[in-house]
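The values are calculated or read from the model by the stated rules, or taken from the named source; none is laboratory data. Note that the coordinates shown come from a computational prediction; the quantities given were computed from them, not determined experimentally. FYI the Cβ positions are ideal-geometry reconstructions off the backbone, even for glycines, and counts take in every protein chain you see. In case anyone asks, the SASA skips ligands and DNA or RNA and just uses the protein heavy atoms, side chains included. Shrake-Rupley method; radii C 1.70, N 1.55, O 1.52, S 1.80 Å.
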2 protein chains.
Amino acid sequence: MSQPDNAVIDDPMATPFIKALVGRIRADDMYGAWERKKDAALLADYIVTREERRNMPMISDPDPDTLMRVETFYQAVGLAIEQETGLMASPMMKMSHEGFGRVILTSGSLVVLAKSLRDVHRFGFESLAVLAREGEKAVRHAIEQINRFPEVARA
Amino acid sequence: MSQPDNAVIDDPMATPFIKALVGRIRADDMYGAWERKKDAALLADYIVTREERRNMPMISDPDPDTLMRVETFYQAVGLAIEQETGLMASPMMKMSHEGFGRVILTSGSLVVLAKSLRDVHRFGFESLAVLAREGEKAVRHAIEQINRFPEVARA
C-alpha cells in the first residue's frame with residue numbers, strides 16, 4: 001500500500017486525491033462556467049514550473065487566490081481521507097504575513113496532519129504528477145495516523 | 001479536583017487561568033504602558049455585563065480588538081495547560097464573517113479542546129468570577145483529554 005515518497009505516479013488524474021481536488025474545485029463552480037473545461041485545465045493554477053518559480057519574488061504576501069488554492073488543496077486531502085476511512089477530516093489554516101503559517105487536519109480528537117507553511121505566495125507543483133504525489137503523500141500520512149490511534153480519531 | 005461547572009470561584013485572580021491571562025496580556029505591553037495598572041484593570045475588556053450585552057447588536061462583524069481578545073483567552077488556556085502538564089498547547093482559531101468560527105487547541109497529535117464560536121462580537125463574561133470559571137473549565141477539560149490519551153498528546 002505504501003509507496004516510496006518519490007514514486008512516479010503513472011496516471012495522476014486517477015488518484016483519489018486529484019479526483020477529490022477536481023470535485024472540490026467543480027463544487028465552487030456555481031454558474032457552470034467551467035463545465036466544458038477539462039479536469040487538467042482546472043488544475044492549471046496548481047502547476048508552477050521551476051522557471052515560473054524563479055521569476056517570483058523570494059518574499060511576498062500571498063494573494064487571496066493563492067491562499068484559497070492552498071486551502072482547497074488541504075480540503076481535498078480531507079475529502080480523500082474521508083472517502084477511504086469514512087471519517088471526516090477538516091483543515092484549519094492559519095497564516096501570518098509574508099506567507100508563513102500552519103495547517104492542521106483533524107479527525108475527531110486526532111491531529112491527522114500538521115504542516116508548517118512557508119513561501120505560500122509560491123505555492124504550486126512542478127507537474128500534475130508531483131501535485132498528485134504530494135497530495136497522496138499527505139493522505140497516506142493522515143490515514144497512517146488514523147490507523148495508529150483509531151479510537152482518538154473516532155472520539 | 002474537578003468541581004461543578006457552575007461552582008463559584010472565591011478568588012478568581014488566584015486561578016492558574018487568570019494568572020496566565022494576565023501574564024499573556026502583560027507580555028504584549030512592550031513599552032511598559034500598563035506597568036502601573038492593576039491586574040484586574042487589565043482584564044476590564046473581558047467583562048461584558050448583561051446590560052452592555054443587551055445594547056450590542058445581535059449580529060455584527062467582530063472588530064480586531066475583540067478577535068485578539070478571544071485569541072488571547074485561548075492562548076491563556078494553553079499556557080495554563082502547559083504549566084500543569086508540561087505539554088505545549090497551542091490554539092488555532094478560524095473565523096468566518098459575522099463572528100462565527102472555531103477554535104481548537106492541540107497538544108502533540110491530540111485535540112485537547114475544540115469549540116465553536118458564535119456571536120464573537122459580544123465576547124465577554126459577566127464578572128471576573130465567570131471569566132475565571134470559564135477559563136478554568138476549558139483548562140480542566142483539556143487536561144482530562146490529555147489524561148485520557150497521554151501517548152497522543154506526546155506524539
List the residue pairs whose Cβ atoms are under 6 Å apart, where the first residue sits in segment A:74-96 and is among the acidic types (Asp, Glu), the second is surrounded by fewer than 20 Cβ atoms within 10 Å (Cβ to Cβ), and the two are 6 or more positions apart or on different chains. A:GLU82/A:MET88
Qualifying residue in segment B:95-102 (condition: within 14 Å of another protein chain (Cβ to nearest Cβ) and open to solvent by less than 30 Å² (accessible area, probe 1.4 Å)): yes
Within the bounds of segment A:78-96, is there any residue that is of a type in the set (Ser, Thr, Tyr) and closer than 20 Å to A:ALA142 by Cα? yes
Conditions (1) within 12 Å of chain B (Cβ to nearest Cβ); (2) open to solvent by 50 Å² or more (accessible area, probe 1.4 Å); (3) among the acidic types (Asp, Glu); number of the one not met by A:ASP63: (1)
Could you list, in sequence order, the residues of segment A:83-94 that are within 12 Å of another protein chain (Cβ to nearest Cβ) and charged (D, E, K, R)? A:LYS94
Are any residues in segment B:126-146 surrounded by 19 or more Cβ atoms within 10 Å (Cβ to Cβ) and either closer than 17 Å to B:ARG50 by Cα or in contact (Cβ under 8 Å) with a residue 60 or more places away in the chain (or both), and if so, which ones? B:LEU128, B:LEU131, B:ALA132, B:ARG133, B:GLY135, B:GLU136, B:ALA138, B:VAL139, B:ALA142, B:ILE143, B:ILE146
Within segment B:31-79, tally of residues that are among the β-branched types (Val, Ile, Thr), over 26 Å from A:LYS94 (Cα atoms) and more than 17 Å from the chain's Cα centre (by Cα): 1
Segment A:107-118: number of residues that are more than 13 Å from A:THR85 (Cα to Cα) and either open to solvent by 40 Å² or more (accessible area, probe 1.4 Å) or in contact (Cβ under 8 Å) with a residue 60 or more places away in the chain (or both): 4
If I filter segment A:110-120 for residues that are more than 13 Å from chain B (Cβ to nearest Cβ) and part of a helix (DSSP H, G or I), do I get at least one hit? yes
Output yes when any residue across segment B:6-15 is out of contact with any Pro (no Cβ under 8 Å at 6 or more places or on another chain), under 23 Å from B:LYS137 (Cβ atoms), assigned to a loop (DSSP other than H, G, I, E, B) and at pLDDT 90 or above, and no when none is. yes
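Yes/no per residue for (1) among the hydroxyl-bearing types (Ser, Thr, Tyr); (2) open to solvent by 100 Å² or more (accessible area, probe 1.4 Å):
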position	(1), (2)
B:GLY23	no, no
B:ARG26	no, no
B:ARG36	no, yes
B:TYR46	yes, no
B:GLU52	no, no
B:ILE59	no, yes
Please work out which one of (1) at pLDDT 95 or above; (2) open to solvent by less than 90 Å² (accessible area, probe 1.4 Å); (3) not in a loop (DSSP other than H, G, I, E, B) is the condition A:LEU87 fails and give its number. (3)
Mind checking which residues of segment B:26-74 are in contact with a His (Cβ under 8 Å, 6 or more places away or on another chain) and in a helix (DSSP H, G or I)? B:THR66
Among the residues that make up segment B:137-155, is at least one of them under 11 Å from the mean Cα position of the chain (by Cα), assigned to a helix (DSSP H, G or I), away from every other protein chain (no Cβ under 14 Å) and of a type outside the set (A, V, I, L, M)? yes
Every residue in segment B:66-81 that is open to solvent by 70 Å² or more (accessible area, probe 1.4 Å) and either among the acidic types (Asp, Glu) or closer than 25 Å to B:ARG154 by Cβ (or both), please. none
If you check B:THR106 against the conditions, is it of a type in the set (Ser, Thr, Tyr) and within 14 Å of chain A (Cβ to nearest Cβ)? yes
